[in-house]
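Student: I'd like to ask some things about the structure below.
The values are calculated or read from the model by the stated rules, or taken from the named source; none is laboratory data. Being a predicted model, the structure only gives us computed values, none of them experimental. Neighbour counts run over all protein chains shown; Cβ positions are idealised from the backbone, glycine included. Ligands, DNA and RNA are excluded from the accessible area calculation, which covers all protein heavy atoms including side chains. Shrake-Rupley method; radii C 1.70, N 1.55, O 1.52, S 1.80 Å.
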Amino acid sequence: MSDHLPVLPLLIPLFAGLMIMLETRQRRRVRRFTGLAATVALLPVTWLLWGQASVEEYRVYQLGNWPAPFGIVLILDRLAALMLLITAILAVPVYLYACRGDDGIGVNFHALFQFLLLGVNGAFLTGDLFNLFVFFEVLLLSSYALLMHGHGPDRARAGLHYVILNLTGSAIFLFGLGLVYGATGTLNMADVGRALAAGEVLQPALFAAAISLLLVVFALKAALLPLGFWLPAAYGAASPPVAAMFAIMSKVGLYAIWRLWSLVMESGEPALAARLTPWLTALGLISMLVGSLGVLAATRLSSLASWLLLMSVGTLTVVLVQGDEAAWAAGLFYLLHSTWGVAALFLLAGLIARLRGPEADYLRSGEPLPTSIAVTFLVVAVMLVGLPPLSGFLGKVLMLATLPLPAFWVLLLAGGLASLIALSRAGSTLFWRTEPARYAQRRSAAGLRSLLMLVAVCMTLVVFASGWLAITQQVAEQLLQPDGYIEAVLPSGRAR
Amino acid sequence: MELLMALMIGVLTGCGVYLVLRQRTFPVVLGLTLLGYAVNLFLFSMGRLTLDAPAVIGAGEHYADPLPQALVLTAIVIGFATIAFMLVLALRALGDLGNDHVDGRSVGSDGEQEDQQR
């Protein structure tokens, strides 16, 4: 049984999604129960997978039992296991929140949610570049439909941009894949790494072009500027649970860059890495700068959250290309914090919008909000700004301590200041500049409990900080030794 | 044949990129389709171009690389699905926004953009 564990994060959402599709009579209770059971089932599975990955280094799962460079493999290493765990932990509260009403504004939410999980988990697990493309398409197709979940011209407009951009991105992805295959004769990531180390690349210039194209695509998915302007529009327009779930999607792009970087750059092509580093650093710094300006300019709480997400992507990119092992561990810790924290802010924005009615989550005076919401906002805001004692502070301090880069320091601190100003302005507008209630009917704050669950998860980052840090350190340590990864997939450099 | 393939891929990509940058949704969909064709040809040619060779090992003296053909097959299926989705989305945007501009703004007859009349 435990041999087949790595494929379960794919099979569970796949079958749950299909079963929900088969339930054609729109019985909401059945759909919710199936979806919830599948989402919760991912928790123990990913936890066990992390247990395996932390002990026995790598686990290779050969689909159809075809040996590595010929068949497609799933590879469970620590990075993949950690990302799976983050996704599963994020998915449960978001799904619970969605079940408090947001799932009813369109059809097929439950099935699409499972297919999104399938795509995300698959992208984390796969060890084959073309398979990565396929899983990207799976998650993108579900995300297109989820983004359009519910109605409204804003959603149609944002959805149109999002879909066109990503379809163009897919075309570029395929061009890059074709070039990788033409230059190395393989699409298995470990085999590409091996071919690089052995100097078997036929045309290095072609390979450099291929890697650059792939980086462009991953930067588009991760929403690194200048390819990230779609993100605030799309995430701001999406319904709250969808936007919260999308918080992991930009991390998928980041994960792909990370994987490529550790496998291809560090060992195989230091010259290419040296050429690309200044570009990615500059783009990351620009994302941080524009993100902090965007946070200040945001007129809605949900778009404020999207700009925060963009800022964190920029930060993590700089850490990725400039950092050493300790910085990567700090960056991964920050990744945990920013994924869950921003998702919590998206959910909170949704709650506030529902409570305020026509004013929605626009940052202008409106109806008074209950104290419970205000306190939650305070906690989430303190966390995201990075004030002590919450997780954002820990993540930022760790990154500052491990990455002595002046521009990075300035922009990270300036970004913190900007988000402090923006979030305190947003909070004082939303909670203090209130008008007497005009609407008699009482709107419910349903979903607050699932939001609090997500906040509690973020709190574990503080309470069990040393445990989480030990985990991210293990991940970073393994990432810097791609030889083990190659050896695990292709034992003793088996001849192709 | 190499020259012909290269030219075709180049022309298709060029037309695709031009059409994707247009302001109405239908040319954009056409552009994405053309880009998809270009990509498929490109993937195919990355297995090297061979004449009169089956994609089966051992069936003859020469064989063509079967992997890119499998990749192209997958890419065709995925491309077809996404283009179909894109068309439906364009129709829905036409319904929701009242026009077929990619930004949802109405376009005057002389190509000048006006803000959407609500």
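Student: Quick test for you: out of B:Val28, B:Val11, pick the one residue that is at pLDDT 90 or above, open to solvent by 50 Å² or more (accessible area, probe 1.4 Å) and either part of a helix (DSSP H, G or I) or facing chain A (nearest Cβ under 9 Å) (or both).
Tutor: On inspection, the qualifying residue turns out to be B:Val11.
Student: Of the numbered conditions (1) within 10 Å of another protein chain (Cβ to nearest Cβ); (2) more than 13 Å from the chain's Cα centre (by Cα); (3) over 24 Å from A:Asn131 (Cβ atoms), B:Pro54 fails exactly one; give the number of that condition.
Tutor: It is condition (1) that B:Pro54 fails.
Student: Select from region A:97-113 the residues that are of a type in the set (A, V, I, L, M) and over 19 Å from the mean Cα position of the chain (by Cα) and write down the one among them that is surrounded by the most Cβ atoms within 10 Å (Cβ to Cβ).
Tutor: A:Ala111
Student: Test A:Leu116 against the criterion of being farther than 27 Å from B:Cys15 by Cα and either more than 14 Å from every other protein chain (Cβ to nearest Cβ) or surrounded by 24 or more Cβ atoms within 10 Å (Cβ to Cβ) (or both), and give yes or no.
Tutor: yes
Student: Can you tell me which residue is most open to solvent (accessible area, probe 1.4 Å) among those in region B:31-47 that are at the interface with another protein chain (Cβ under 8 Å from one of its Cβ atoms) and without any contact (Cβ under 8 Å) to a residue 24 or more places away in the chain?
Tutor: Selected residue: B:Met46.
Student: Continuing with the same structure: Considering only region A:236-244, I want to know if a residue exists there that is free of Cβ contacts under 8 Å to residues at least 40 places away in the same chain and within 22 Å of the chain's Cα centre (by Cα).
Tutor: No; the residues of region A:236-244 include none that is free of Cβ contacts under 8 Å to residues at least 40 places away in the same chain and within 22 Å of the chain's Cα centre (by Cα).
Student: Now, a different point. In region A:188-205, what residues are outside any helix (DSSP H, G or I) and open to solvent by 10 Å² or more (accessible area, probe 1.4 Å)?
Tutor: A:Ala198, A:Gly199, A:Glu200, A:Val201, A:Leu202, A:Gln203
Student: Still on this model: I'd like to know if region A:123-131 contains one or more residues that are of a type in the set (A, V, I, L, M), assigned to a helix (DSSP H, G or I) and either at the interface with chain B (Cβ under 9 Å from one of its Cβ atoms) or free of Cβ contacts under 8 Å to residues at least 60 places away in the same chain (or both).
Tutor: No, region A:123-131 has no match at all.
Conditions (1) within 13 Å of the chain's Cα centre (by Cα); (2) surrounded by fewer than 24 Cβ atoms within 10 Å (Cβ to Cβ); (3) part of a helix (DSSP H, G or I), marked per residue:
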{"residue": "A:Leu304", "(1), (2), (3)": "no, no, yes"}
{"residue": "A:Trp307", "(1), (2), (3)": "no, no, yes"}
{"residue": "A:Leu310", "(1), (2), (3)": "yes, no, yes"}
{"residue": "A:Val318", "(1), (2), (3)": "no, no, yes"}
{"residue": "A:Ala327", "(1), (2), (3)": "no, yes, yes"}
{"residue": "A:Leu332", "(1), (2), (3)": "yes, no, yes"}
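Student: Now a separate question. Among the candidates A:Ile352, A:Ile373, single out the residue that is buried (at least 24 other Cβ atoms within 10 Å of the Cβ), assigned to a helix (DSSP H, G or I) and of a type in the set (Val, Ile, Thr).
Tutor: Result: A:Ile352 is the single residue among A:Ile352, A:Ile373 that is buried (at least 24 other Cβ atoms within 10 Å of the Cβ), assigned to a helix (DSSP H, G or I) and of a type in the set (Val, Ile, Thr).
Student: Find all pairs meeting these conditions: Cβ atoms under 6 angstrom apart; at least six residues apart or on different chains; first residue within region B:91-105 and at the interface with another protein chain (Cβ under 7 Å from one of its Cβ atoms); second residue crowded, with 16+ Cβ neighbours inside 10 Å and of a type in the set (Val, Ile, Thr).
Tutor: As it stands, the answer is B:Val102/B:Thr25, since those pairs meet every condition given.
Student: All but one of (1) open to solvent by 10 Å² or more (accessible area, probe 1.4 Å); (2) more than 23 Å from the chain's Cα centre (by Cα); (3) within 9 Å of chain B (Cβ to nearest Cβ) hold for A:Leu167, so report the exception by its number.
Tutor: If we test A:Leu167 against (1) open to solvent by 10 Å² or more (accessible area, probe 1.4 Å); (2) more than 23 Å from the chain's Cα centre (by Cα); (3) within 9 Å of chain B (Cβ to nearest Cβ), just (2) comes out false.
Student: If we scan region A:29-37, do we find a residue that is open to solvent by 40 Å² or more (accessible area, probe 1.4 Å) and under 23 Å from the mean Cα position of the chain (by Cα)?
Tutor: Yes, region A:29-37 has at least one match.
Student: Quick one: which of A:Ala208, A:Ala234 is surrounded by fewer than 23 Cβ atoms within 10 Å (Cβ to Cβ), at pLDDT below 90 and not in a loop (DSSP other than H, G, I, E, B)?
Tutor: A:Ala208
Student: Which pairs do you get when a residue that is free of Cβ contacts under 8 Å to residues at least 40 places away in the same chain, found in region A:369-382, comes within reach of a residue that is of a type outside the set (Ser, Thr, Tyr) and part of a helix (DSSP H, G or I), reach meaning Cβ atoms under 8 angstrom, with the pair 6+ apart or on two chains?
Tutor: That search, which allows pairs on different chains as well, returns A:Val382/A:Gly392.
Student: Can you name the condition, by its number, that A:Leu220 falls short on among (1) crowded, with 24+ Cβ neighbours inside 10 Å; (2) more than 11 Å from chain B (Cβ to nearest Cβ)?
Tutor: Result: A:Leu220 passes all but (1).
Student: Against the definition (small (Gly, Ala, Ser), within 13 Å of chain B (Cβ to nearest Cβ) and under 26 Å from B:Ala75 (Cα atoms)), how does A:Ala158 come out, yes or no?
Tutor: Criteria met by A:Ala158.
Student: Answer yes if at least one residue in region A:255-268 is polar (S, T, N, Q) and outside any helix (DSSP H, G or I), and no otherwise.
Tutor: Yes, the conditions are met somewhere in region A:255-268.
Student: Let me ask something additional. Is there a residue being within 7 Å of chain B (Cβ to nearest Cβ), of a type in the set (Val, Ile, Thr) and open to solvent by 10 Å² or more (accessible area, probe 1.4 Å) anywhere in region A:136-151?
Tutor: no
Student: Another question, if that's okay. Within region B:69-81, track down each residue that is buried (at least 16 other Cβ atoms within 10 Å of the Cβ) and either free of Cβ contacts under 8 Å to residues at least 12 places away in the same chain or more than 7 Å from chain A (Cβ to nearest Cβ) (or both).
Tutor: B:Val72, B:Thr74, B:Ile78, B:Gly79
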